[in-house]
Amino acid sequence: VDAFQAWCGPCKTVVDLFRKIRNEVGSDLLHFAVAEVDSIDALERYRGKCEPVFLFYAGGELVAVVRGVNAPLLQKTILEQL
């Protein structure tokens, strides 16, 4: 989940990375979403930040967090979580 604030917008620079990884591993294993933290109470702790935050969930549980746009770390985290 790309957690973003309305004034900053979702992180569009990593969309290509997500598509590449999803094509490599298959669409059944990996799902991406964006969430505006200003409108979701459960994501309140991510408000007021200027950096994008990527939340990784498995089985409904938060399993990893990557702060900032770091393509190698995002790819590593995605592949580790799979």
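The values are calculated or read from the model by the stated rules, or taken from the named source; none is laboratory data. As the structure is a computational prediction, the values presented were derived from the model and not from experiment. Glycine also receives a Cβ, built like all others from the backbone with ideal geometry; neighbour counts cover every protein chain displayed. These area figures cover heavy atoms from the full protein model, side chains too; ligands, DNA and RNA do not enter into them. Shrake-Rupley method; radii C 1.70, N 1.55, O 1.52, S 1.80 Å.
Being within 14 Å of the chain's Cα centre (by Cα) and over 16 Å from VAL14 (Cβ atoms) is the filter here; which residues of the stretch 62-81 pass it?
Result: LEU62, VAL63.
Can you list residue pairs whose Cβ atoms sit under 7 Å apart, with the first residue in the stretch 1-19 being polar (S, T, N, Q) and the second being modelled with pLDDT of 80 or more and crowded, with 18+ Cβ neighbours inside 10 Å? Count only pairs 6 or more apart in sequence or on different chains.
Matching pairs, first to second residue: GLN5/VAL37.
So, of the residues in the stretch 1-17 that are hydrophobic (A, V, I, L, M, F, W, C) and under 19 Å from VAL63 (Cα atoms), which turns out to be most open to solvent (accessible area, probe 1.4 Å)?
Selected residue: VAL1.
Here's a check for you: in the stretch 18-43, which residue that is exposed (fewer than 11 other Cβ atoms within 10 Å of the Cβ) and under 14 Å from LEU62 (Cβ atoms) is modelled with the highest pLDDT?
ALA42
Checking PHE54 against (1) closer than 22 Å to TRP7 by Cβ; (2) open to solvent by 50 Å² or more (accessible area, probe 1.4 Å); (3) touching a helix residue (DSSP H, G or I) at 6+ places or on another chain (Cβ under 8 Å); (4) not charged (D, E, K, R), which single condition isn't satisfied?
Unmet condition: (2).
Among the residues of the stretch 57-69, which ones are part of a loop (DSSP other than H, G, I, E, B) and either under 16 Å from LEU82 (Cβ atoms) or open to solvent by less than 60 Å² (accessible area, probe 1.4 Å) (or both)?
Correct list: GLY59, GLY68.
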